[in-house]
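Have a look at this one before I ask anything.
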Amino acid sequence: MSTDLAPRTVLRAEREPQTLAGLLGLHDLESGVVVCHPVPPRAGGAGQLALDVLHALGKRPSAGGWPRTSGVAAHYAKVWLEAERVGDLVLVRAGLFAPAALAELASLAREAGTRTWLAFDDPKRRRAAGELLSAQAVDAVQPSGGRCGEPTPGGARARAWPTPSPWLARAAGARTFTAQEFNDIDARMYNAFKATSTYIRSQRELGYRSLQHFPGVMAVDPVPLRRHARLIGVGCALLQHGFAVEIRERRIAAEPVVLTPTRAQAAQLRRHASPASAAFHALTSLTDLDGITIRSITLDQVIETASGVWIGGYLLQGAAAAALRAQRTAQYFRGLVSSQTLFMDARIRDDVTVWGRGDIAPPITLEVKLARLSAPLDISFHQPHLEADLQTPAQETQDEAELILRLLRLTPSRAIPLARLSRPYRAAAARLTATSATSVHEGLIAASDHLRFSQFLFDPTRFMAKHIEPRPWHLQPQA
Amino acid sequence: MATITFNPPIRHHADPPGVGIIETEGLLIAEHSLRYVIAHRQLGALTGVAGTGKTFALQVLLRARRDIRVVWIEVQVKPTMLSIARVLALALLGEVPRGSRHELSYHLQDALVDQSGEVPLVVVFDEAQRLNNECAEYLRYLHDPHETSFAMLLAGGNGCWETIRREPMLHSRVHEPVFFKPLGEKALLQMLPNYHAMYEHADPELLLEVDQQRCHGILRHWSAFTASAAQLHAPRGEQTLTGAIAEVVLRQPK
């Protein structure tokens, strides 16, 4: 971000065409310099400088999402200046505008971290505006261009928290973390659970490709603990849909697929004034991610790096990165928190131009093994067909998962006589009881509260009240 | 974008029969200037006293050309930026897009900038003396972007050049303005025989008398005079302007 954001005024005598051409020639969005050539206002009027800035940024009314009010226009202008990493905004013909309008523009730009240059050709108007804006009078426009990117962590590997069993990770998390930490992690876990459940319902078949990629995208998180939480959420959803699952991280660090829009693609993306529309089009047209996956991505899964925006295994650059940044910023402006999804607007159209989708898949970061169990937890769940190319988890894992589903189908007060279980399930029962996932009493086995809590079937407040000493407890996720 | 060849009928004022196109100094300079303005997508201006042939010259020089695309706009009385934008949008895009003046302007700029690969676009604003400060600024806004690839011509009669000069942002951009002046006596006597056959063997003194009393070197007046005189010639079968016919026409009210 620029260190000094005070607006500058410059006297350019723009009535000379070569002078104005020189100023207009400074426009280079890729380098962070935007030259705004405004529509003249009515005499002494305020004009629509926010709209002019959007137009200078490449936005077009015909692309949809064009702001209908000046408030929305100003908001979008700020969001896009920040998202495009614009360091310098040059307004030519500034003398046509009322000083108050120029002050609004300078304030908007300052909030976006952008330096403003106001080019006048009338010394009196320059002086008047300069006094109102406390602007520096300079001799020439000398934009420095881009701003510093925010360095960020790269591919974080999941880090587990102490838990006696993978089936109890959520319940164990409630003991390990403070309320705020737990809320933070639980929000990611639940998001992955919900998104995976939606994804499974939408699929006719689950195969190697879909099971490598979707969980991989869902698990993206720069914070290792959160990544682990997301993987647990994915596993819980698969179990409830009737699948035993084993998920392991690949040892080799996967490099993201770098996607840089061509000049024409960048211009096409930049036509969208609405951040949601621009970001959705960037993802659907450039990446291999489908609509359901894209709608499941959370705000904190849009990861800023020094060389672009990392999302779902792709590193987006240029206009595509700006679109993602803008949408993330717009959602935060709306009051959303980082665990909420990047896209909340169901009206976004899916039928967009596709530029080379399917050509380059993101790297595989997970190994997922899957086997179908006898039935899902809720029999109304749609169960997709499993393709033959899938590896299956260990038999013990399958037995435990089967038993857990049988127990979770029962009301909490009911239990199954151990004598009814066949030999492999008895062994699974012993293992689950040893880790407090189940309890055995007088020859009857039942799911413990720990297990129900871990499978999103149990009210965490009740669980905490019974099992943990009282402390402040808020279930709303924290940013 | 529609490509319709600009092809208005060549009409002299009052449309007298049998008249030819005379190559006035203004017409020749305008041809030279237009060639440069169109080739370099510049801003040109044709100005001068009403009736000296500016519009006629532009129509002659631009009509039926397949190497350019001409959009001809007559500036209305008391124009606004919005009215200019709407007329231009209709001529360029074939429709007026919905939206505010700003949205319309963005559409227009895109349409005007995106001309590469096509034949040069020439936008003519006739009666440009009607432009006010706001509209002049607006025309400059449309023409200024460095990628703009169209030529703009301002043509207007009395007060047009004063209007352009009053707006420094327009004035400084005009490439070699062409001033159309009333014809002097010498030029008149050279041109008139080419204009109509009735002047070929006419008495030069008589022609100068007519010019002094009625036409003042202004072609539009000569056109009106020629139309009236031709009407009187036809029944008498005369070929050359005589003093008697000239007197009858001069006695008629203007």
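Take the stretch B:190-208 and flag every residue that is more than 23 Å from B:Ala50 (Cβ to Cβ) and either touching a helix residue (DSSP H, G or I) at 6+ places or on another chain (Cβ under 9 Å) or among the acidic types (Asp, Glu) (or both).
Once the filter is applied, which keeps residues that are more than 23 Å from B:Ala50 (Cβ to Cβ) and either touching a helix residue (DSSP H, G or I) at 6+ places or on another chain (Cβ under 9 Å) or among the acidic types (Asp, Glu) (or both), the stretch B:190-208 yields B:Pro193, B:Met198, B:Glu200, B:His201, B:Ala202, B:Asp203, B:Pro204, B:Glu205, B:Leu206.
Which residue is farthest from A:Arg431 (Cα to Cα), if the candidates are limited to the stretch A:444-476 and must be of a type in the set (S, T, N, Q) and modelled with pLDDT under 80?
Selected residue: A:Gln476.
Scan the stretch B:56-76 and tell me whether some residue there is more than 30 Å from B:His216 (Cβ to Cβ), among the hydrophobic types (A, V, I, L, M, F, W, C) and in contact with a Lys or Arg (Cβ under 6 Å, 6 or more places away or on another chain).
no
Name the one entry in A:Leu51, A:Leu118, A:Leu89 that is assigned to a helix (DSSP H, G or I) and over 23 Å from the mean Cα position of the chain (by Cα).
A:Leu51
I'd like the full set of residues that are within 12 Å of chain B (Cβ to nearest Cβ) and in contact with a Leu (Cβ under 9 Å, 6 or more places away or on another chain), limited to the stretch A:62-96.
Correct list: A:Trp66, A:Pro67, A:Ser70, A:Ala73, A:Val92, A:Arg93, A:Gly95.
Now for a separate question. Which of the residues that make up the stretch A:405-430 are among the β-branched types (Val, Ile, Thr) and touching a strand residue (DSSP E or B) at 6+ places or on another chain (Cβ under 7 Å)?
Listed by number, the list holds a single entry, A:Ile416.
Note down all Cβ pairs under 8 Å where the first residue falls in the stretch B:95-107 and is among the basic types (Lys, Arg), the second is surrounded by 14 or more Cβ atoms within 10 Å (Cβ to Cβ) and part of a helix (DSSP H, G or I), and they're at least six residues apart or on different chains.
B:Arg101/B:Met81; B:Arg101/B:Leu82; B:Arg101/B:Ala85
(1) facing chain A (nearest Cβ under 9 Å); (2) surrounded by 16 or more Cβ atoms within 10 Å (Cβ to Cβ): which one isn't true of B:Gly99, the others all being true?
(2)
Go through the stretch B:105-133 and give me each residue that's modelled with pLDDT of 90 or more and either closer than 21 Å to A:Gly58 by Cα or within 9 Å of chain A (Cβ to nearest Cβ) (or both).
B:Ser105, B:Tyr106, B:His107, B:Leu108
Of all the helices (runs of 4 or more DSSP H) wholly in the stretch A:384-471, which have at least 2 residues that are more than 37 Å from the chain's Cα centre (by Cα)?
A:423-434
For A:Ser202, which of the numbered conditions (1) at pLDDT 85 or above; (2) hydroxyl-bearing (Ser, Thr, Tyr); (3) farther than 20 Å from A:Leu289 by Cα fails to hold?
So A:Ser202 meets the others, but not (3).
Would it be correct to say that B:Thr55 is touching a Gly at 6+ places or on another chain (Cβ under 7 Å), crowded, with 22+ Cβ neighbours inside 10 Å and away from every other protein chain (no Cβ under 14 Å)?
Judged against the criteria, B:Thr55 is not a match.
Return the total of residues in the stretch B:140-152 being more than 10 Å from chain A (Cβ to nearest Cβ) and at pLDDT 80 or above.
Here the count works out to 3.
Here is a check on your reading of the model: is B:Ala136 within 12 Å of another protein chain (Cβ to nearest Cβ), in contact with an Asp or Glu (Cβ under 8 Å, 6 or more places away or on another chain) and surrounded by 21 or more Cβ atoms within 10 Å (Cβ to Cβ)?
yes
Continuing with this model, one more query. Considering only residues of the stretch A:28-60 that are within 11 Å of chain B (Cβ to nearest Cβ) and in contact (Cβ under 8 Å) with a residue 60 or more places away in the chain, which is surrounded by the most Cβ atoms within 10 Å (Cβ to Cβ)?
Checking each candidate, the answer is A:Leu54.
Every residue in the stretch A:440-455 that is buried (at least 17 other Cβ atoms within 10 Å of the Cβ) and in contact with a Ser or Thr (Cβ under 8 Å, 6 or more places away or on another chain), please.
Answer for the stretch A:440-455, where residues must be buried (at least 17 other Cβ atoms within 10 Å of the Cβ) and in contact with a Ser or Thr (Cβ under 8 Å, 6 or more places away or on another chain): A:Ile445, A:Ala446, A:Ala447, A:Ser448, A:His450, A:Leu451.
The values are calculated or read from the model by the stated rules, or taken from the named source; none is laboratory data. What you see is a predicted model; the values in this text were computed from it and never measured. Glycine gets a Cβ as well: all are built from the backbone with ideal geometry, and neighbour counts include every protein chain shown.
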